[in-house]
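Remarks on the structure that follows.
No value in this document is a laboratory result; all are computed from the given coordinates. Remember, predicted model here, so these are calculated numbers, not experimental data. Ideal geometry is used to build each Cβ from the backbone, glycine not excepted, and the neighbour counts take in all protein chains shown.
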Amino acid sequence: MVEHRALPTPERRRRAGADVERGDSGQITMRDSPLERAFARKVITQEQYSAGQKYRHHWYHAGLAGRLESVDLSRIFAMDLGNHSGMAQSENQSFHRQRYREAVQAVGKIGSHVLDWAVCRETVLEQVGYTLGWSTRAQAYAAAAERMKTALDELCRLWGIGSAN
């Protein structure tokens, strides 16, 4: 039996719509990120989906996701020059940053913009399309989806995923 506090809120379930999966153990997985939705709706292939997951993995482990924290109002606001902000904190983080930079270089500016916002930050494709300059919802979605597919194909070639080698 899943504890009530572990269940998604009604608002969260409504936002996910049909993109919710319940496992045999009762675990609920929300599959409503743009990458997951594109794969479920067959907009992208399994290979492209794998490339997107790998891109997000390198982005996250490179420390680019930012931290979830709140402001301590009793603290004095001063720069801490010893915290090496912006620098890799470990060899592992440095490795993932290098792989992420290689991927960004392979897909180009627009491709990396689309992947960063849609795949990593999980912004819906329509919103990403609006940032590309499209004004209608259908055009924005189509443009962002097409740019995402092209960028993911480049990552498949870069990383040797699937038959797009």
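Quick rundown of the values:
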item	result
Under 5 Å, built H, 5+ apart or other chain: amide partners of Gly162	none
Cβ-derived FRET efficiency at R0 22 Å, Ala40 paired with Ala106, nearest 0.05	0.30
